[in-house]
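Peer 1: There's a structure below that I have some questions on.
Read the figures in this text as sums done on the coordinates, not as results from a lab. Please read these numbers as outputs of a predicted model, since none were measured by experiment.
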């Protein structure tokens, strides 16, 4: 019975810590966070989720997702470089998903 109680208490503490740190990040950014638009890690270009659950951080109001903890450290060494890369990749993604308008003739 003590083991169950201790395990539940530890689990509660972990969840409370995660919720608190997320709340602090949101508060720091006035609650306005741009969602991460890519399905890859910004550092390694690996698919998110390929190494377990992605790690999510907020940097200057922009949500960033990483495939692993070492990528977070790498990002923090030079965030400007990776934010520029995010802008470029997002622009490419937007350009590639542009849909033609309805003025294209359709065969009879």
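Peer 1: Over region 33-95, calculate the relative contact order: mean separation of alpha carbon pairs under 8 Å at least 6 apart, over the residue count, as a percent.
Peer 2: 32
Peer 1: When the convex hull of the Cα atoms of region 33-95 is projected onto a plane and the area is averaged over all directions, what value comes out in nm²?
Peer 2: Directional mean of the projected Cα hull area for region 33-95 stands at 3.9 nm².
Peer 1: Stretch residue 50-residue 33 to full length: gain in nm at 0.36 nm per residue minus the Cα-Cα span?
Peer 2: 3.7 nm
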